[in-house]
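Below you'll find the structure, written out as structure tokens, and then a few comments.
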Amino acid sequence: MKLDLLHTLNAERAARRAVVVVTGTETGTQRLVKAADVATDPLAEVIEKRLRMGKSGMEETAQGRVFLTVHVPSPQLVITGAVHISQTLAPLGQMLDYDVSIVDPRTAFATPERFPGVKVLAEWPDAALPPLNVDRYTAFVTLTHDPKIDDPALLHALSRDCFYIGALGSRKTHGRRLERLKAEGVSDAALARIHAPIGLAIGAVSPAEIAVAIMAEITMRLRVKQDKAEAA
Amino acid sequence: MLGRDEDILKAAEDWSKAGRGVALATVVETWGSAPRPVGSNLVIDEEGNFLGSVSGGCVEGAVVTEAIDVIESGKPKTLEFGVADETAWKVGLSCGGTIRVYVEKVS
């Protein structure tokens with residue numbers, strides 16, 4: 001590996017941007033493909049597939065066997081609301097290798113006792129969210145039901161390209177939420193990014209079951225191609 | 001896995017910039033039960049110092065020896081370890097799997 005390629009690779013990773021190294025294991029040729037350049041790459045299809053799965057591996061191509069080293073940032077899960085659902089959702093996310101953060105300004109909810117081993121930020125979203133670097137490898141959920149807390153959090157998420165945004169609340173609650181966010185100047189296209197009612201429709205009743213429904217929907221968003229995910 | 005691999009690649013860059021001869025070993029294929037997943041890295045310098053892993057410690061010694069050759073020659077190599085090749089390499093994987101490791105010089 002050329003040192004300058006290695007340097008670019010490390011710089012991209014430090015910036016939390018996905019990158020793939022294509023190595024001809026028989027020829028010794030090597031190149032780096034940044035996430036932004038994948039679409040125009042001759043191997044776009046296999047690279048995209050592997051990026052989505054986050055899996056390195058060997059591929060047979062017209063140019064011979066190549067090894068694709070896939071580097072994707074570890075996904076993070078940002079939960080606004082230190083509520084009952086979060087008590088299952090946070091450890092569930094951790095089990096699925098997400099870096100989990102919980103944001104809730106209500107200090108009675110946001111306690112380390114309720115969330116052992118989880119990063120809990122007892123602050124308003126406006127203060128807590130910007131340092132979390134909400135990016136395209138972030139799943140973002142709001143669970144407080146309280147517009148004072150959820151709305152600013154959603155506005156922040158909508159200004160970023162996180163791969164999943166979900167908001168707790170019935171269709172009626174969500175309808176009112178959309179009106180408020182629209183009044184804040186959010187476009188219809190942006191509002192359509194919000195998954196609500198949140199979670200896959202598995203008939204979840206208990207807070208823990210709702211957490212499972214949410215995590216399932218997040219996983220689908222992460223792993224299934226966009227158009228297929230919408231058909232589901 | 002990602003965090004640790006990132007440290008390994010950073011170490012490869014830092015070692016190389018410090019003027020050390022460096023090779024990078026990557027697990028490129030696995031069959032059966034393999035201790036480390038495809039994409040796992042081991043970085044080696046010309047004195048045999050290493051960081052990371054490509055197995056649970058079963059074949060690192062052999063990879064380090066080969067890596068020192070790769071640092072000298074500059075030519076990448078693909079190594080295979082497993083039950084079938086036990087006699088050829090004199091090391092094998094006790095778990096019964098087979099792995100293929102790509103070793104390349106950082107230069």
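Amide hydrogen proximity for A:Lys2: with H placed 1.01 Å from N in the peptide plane, the residues at 5 or more positions away or on another chain lying under 5 Å are B:Ser107.
For the protein assembly as shown, the fraction of 1.4 Å probe accessible surface lying on carbon and sulfur atoms is 53 percent. Residues whose amide H comes within less than 5 Å of that of A:Ile165, counting only those at least five positions distant or on another chain, are A:Phe140, A:His195 (H built at 1.01 Å from N in the peptide plane).
Residues whose amide H comes within less than 5 Å of that of B:Gly21, counting only those at least five positions distant or on another chain, are B:Glu46 (H built at 1.01 Å from N in the peptide plane).
Computed from backbone phi with θ = phi - 60° and the Karplus coefficients 6.51, -1.76 and 1.60, the 3J(HN,Hα) list for the range A:199-216 is x, 5, 7, 10, x, 4, 10, 6, x, 5, 5, 5, 4, 5, 4, 5, 5, 5 Hz; x is used for glycine and proline. Take the residue pairs A:Lys34/A:Lys182; A:Lys55/B:Lys105; A:Lys119/B:Lys17; A:Lys119/B:Lys105; A:Lys55/B:Lys77; A:Lys34/A:Lys148 and return only those whose Cα atoms are more than 30 Å apart. Going by Cα-Cα distance, A:Lys34/A:Lys182; A:Lys119/B:Lys17; A:Lys119/B:Lys105; A:Lys34/A:Lys148 fall outside the 30 Å limit.
Summarising the strand pairing of chain A, around 45 percent of its internal DSSP beta bridges are antiparallel. Each Lys and Arg contributes +1 and each Asp and Glu -1, all at the Cβ; summed about the Cα centre of the range A:3-71, the dipole is approximately 340 debye.
For the chain pair B and A, the buried solvent-accessible surface (1.4 Å probe, both sides summed) amounts to about 1800 Å². Taking all protein chains into account, the per residue accessible area for the range A:89-232 stands at 50 Å² (1.4 Å probe).
Most mobile of A:Leu43, A:Leu92, A:Leu158 per a Gaussian network model of chain A (Cα springs, under 10 Å)? Highest fluctuation among the options: A:Leu43.
Contact-buried residues of the range A:52-69, at a threshold of 50 Å² lost accessible area versus the chain by itself: A:Phe67 (1.4 Å probe; DNA, RNA and ligands ignored).
Scalar couplings 3J(HN,Hα) for the range A:60-65, obtained by applying the Karplus form with A = 6.51, B = -1.76, C = 1.60 to θ = phi - 60°, are 8, 10, 4, 8, x, 6 Hz; x denotes Gly and Pro.
The HN-Hα couplings worked out from phi for the range A:167-178 by the Karplus form 6.51 cos²θ - 1.76 cosθ + 1.60 (θ = phi - 60°) are 9, 6, x, 5, 4, 5, 4, 5, x, 5, 5, 4 Hz, whole numbers, x standing for Gly and Pro.
For the protein assembly as shown, the dipole from Cβ point charges (+1 on Lys and Arg, -1 on Asp and Glu) about the Cα centre works out to 960 debye, to the nearest 20.
The relative contact order of the range A:3-71 comes to 34 percent, based on Cα pairs under 8 Å that sit 6 or more residues apart.
The values are calculated or read from the model by the stated rules, or taken from the named source; none is laboratory data. Computed from a prediction, not measured in an experiment: that's the story for all the values here. With ideal geometry, Cβ positions are generated from the backbone for all residues, glycine too; neighbour counts draw on all protein chains shown. To get the accessible areas, we keep the full protein, side chains included, count just its heavy atoms, and leave off ligands, DNA and RNA. Shrake-Rupley method; radii C 1.70, N 1.55, O 1.52, S 1.80 Å.
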